[in-house]
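Please read the structure below before turning to the comments.
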Amino acid sequence: MDIICFPFERVVEINAFILKTEPGMKGAVDIPKLQGALGRIDNAIVYEGLDDVFEIAAKYTACIAVSHALPDANKRTGLAVALEYLSLNDFELTQENDLLADAVRDL
């Protein structure tokens, strides 16, 4: 399996886009905290053998959402990163957005 690791800069770009187009608090990103959240995913892939595309996408959502490294929209950003990760791996979800939002809100 080719490992796709999201650079923290891309996560920051996604978050900035969300905050530009939707309500949310602007502020500084805690880069070390974000890098730590992304590092948990990379470590799970490399050292724990995590190789299921959907589990990796879920881990992106959860790790970004609970890290609170972004000024706002942590859950929305985590979900957007997961969806982009799935797209990069040739998967497109057709679920209703409300179902996905409800699942992420419960994190």
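Say we look at region 20-52 and pick out the residues that are at pLDDT below 95, assigned to a helix (DSSP H, G or I) and surrounded by 14 or more Cβ atoms within 10 Å (Cβ to Cβ); which of these is farthest from the chain's Cα centre (by Cα)?
Here the answer is Ile45.
Identify, please: which residue in region 53-94 is of a type in the set (A, V, I, L, M) and in a loop (DSSP other than H, G, I, E, B) and is, among those, surrounded by the fewest Cβ atoms within 10 Å (Cβ to Cβ)?
Of all residues in region 53-94, those of a type in the set (A, V, I, L, M) come to 53, 56-58, 62, 64-66, 69-70, 73, 79-83, 86, 88, 93.
Cutting the leftovers down to in a loop (DSSP other than H, G, I, E, B) gives us 69-70, 73, 93.
Values: Ala69: 23, Leu70: 29, Ala73: 22, Leu93: 14.
Residue satisfying both the conditions and the ranking: Leu93.
Identify the residue in region 95-107 that is in a helix (DSSP H, G or I) and of a type outside the set (S, T, N, Q) and, among all such residues, is surrounded by the most Cβ atoms within 10 Å (Cβ to Cβ).
Within region 95-107, the match that is surrounded by the most Cβ atoms within 10 Å (Cβ to Cβ) is Val104.
The values are calculated or read from the model by the stated rules, or taken from the named source; none is laboratory data. Remember, it's a predicted structure, so these values are computed and weren't measured experimentally. FYI the Cβ positions are ideal-geometry reconstructions off the backbone, even for glycines, and counts take in every protein chain you see.
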